[in-house]
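Every number here is computed from the coordinates shown, using simple stated rules; none is lab data. As the structure is a computational prediction, the values presented were derived from the model and not from experiment. Cβ placement follows ideal geometry from the backbone for every residue including glycine, while neighbour counts extend to all protein chains displayed.
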Amino acid sequence: MNLIGKLETVVLNPLITLLFGVAVVIFVYGVIQFIWKSDDEEARKAGAQHIMWGLIGLFIMTAAIVIKNFIARTLLGS
């Protein structure tokens, strides 16, 4: 296995997985906050913000996976 393959396996894949998990946690926290504190307008705004940032994080991590796979397939031929 070459250096780039090891870098992908040891560093990039775990990092992307960790950040994807963080985005999921932020999204779920926002949903719970939005539902549980539905009577408090400020808490609902904060929950909506968490939901939005969680979705943005999920989109970015999905795009990172797609870009990483595209580069690996085209440049490295794997």
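Return the distance in nm (one decimal) between the two label points of a simple spin-label model at Tyr29 and Arg44, each offset 7 Å from Cα along Cα→Cβ.
2.2
Using just the helices of the chain, give the 222 nm mean residue ellipticity in deg cm²/dmol: DSSP H runs with n ≥ 4 each add -39,500 (n - 2.57), and the total is spread over all residues, rounded to 500.
One gets -28500 deg cm²/dmol as the mean residue ellipticity at 222 nm.
Given a Förster distance of 22 angstrom, what is the FRET efficiency for Lys37 paired with Ile60, based on the Cβ-Cβ distance and rounded to 0.05?
0.20
Against the longest principal axis of the chain, how steep is helix 41-75, in degrees 0 to 90 to the nearest 10, with axes from Cα atoms?
10
What's the angle, to the nearest 10 degrees (0 to 90), between helix 13-36's Cα axis and the longest principal axis of the chain?
10
For q values of 0.11, 0.26 Å⁻¹, compute log₁₀ I(q)/I(0) with the Debye formula on a Cα-only model of the chain, without solvent.
Here log10 of I(q) over I(0) equals -0.41, -1.08.
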